[in-house]
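The values are calculated or read from the model by the stated rules, or taken from the named source; none is laboratory data. Everything numeric here is computed off the predicted structure, so don't read it as measured data. Cβ atoms come from the backbone with ideal geometry, glycine included; neighbour counts cover every protein chain shown.
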Amino acid sequence: MKISEKENYILIEPLEAPVVDFVSLLTQRHAEFNNKNVIVSLLAYHKLKKEEVMGFLEISKTHQLNNKSFVLVSNAITIDELPEEIVLVPSLREAEDLIQMDEIQRDLGV
């Protein structure tokens, strides 16, 4: 797992592991970044299944409770297939924009 610290978020990318292994590792290390905005790039997985993405549900909920953003990036699956607690966008740029909008809303108390 590759972790890159950015200005207002952490970018996490898998290193050639099956999705279930990546989710497991991310869950184990969640305490390291649970108080920061997180973007998880799943772009390396070209064939992604809804069940695999559902593995991120608990981490996503935890981040939302901590008033932090948790955004998945993938163009292999659509947001329509997922519950609203999972935020998924097709590009890294959209994920960055979404975090910026979330930060503005939190600053405004919305």
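Here are a few things to note about the model shown:
- Residues within region 57-72 that are more than 21 Å from residue 106 (Cβ to Cβ) and either among the hydroxyl-bearing types (Ser, Thr, Tyr) or surrounded by 14 or more Cβ atoms within 10 Å (Cβ to Cβ) (or both), tallied: 1
- Being part of a helix (DSSP H, G or I), among the polar types (S, T, N, Q) and modelled with pLDDT of 90 or more is a property that does not hold for residue 105.
- So residue 99, is it surrounded by 18 or more Cβ atoms within 10 Å (Cβ to Cβ), outside any strand (DSSP E or B) and either among the aliphatic types (A, V, I, L, M) or in contact with a Pro (Cβ under 8 Å, 6 or more places away or on another chain) (or both): yes
- Among residues of region 1-40, those that are part of a strand (DSSP E or B) and either of a type outside the set (Ser, Thr, Tyr) or crowded, with 19+ Cβ neighbours inside 10 Å (or both), counted: 10
- Filter result (surrounded by fewer than 16 Cβ atoms within 10 Å (Cβ to Cβ) and in a helix (DSSP H, G or I)) within region 41-53: 50, 51
Matching residues to (1) touching a Phe, Trp or Tyr at 6+ places or on another chain (Cβ under 6 Å); (2) at pLDDT below 90; (3) under 16 Å from residue 102 (Cα atoms):
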site	(1), (2), (3)
5	no, no, no
20	no, yes, no
47	no, yes, no
58	no, no, no
79	no, yes, no
84	no, yes, yes
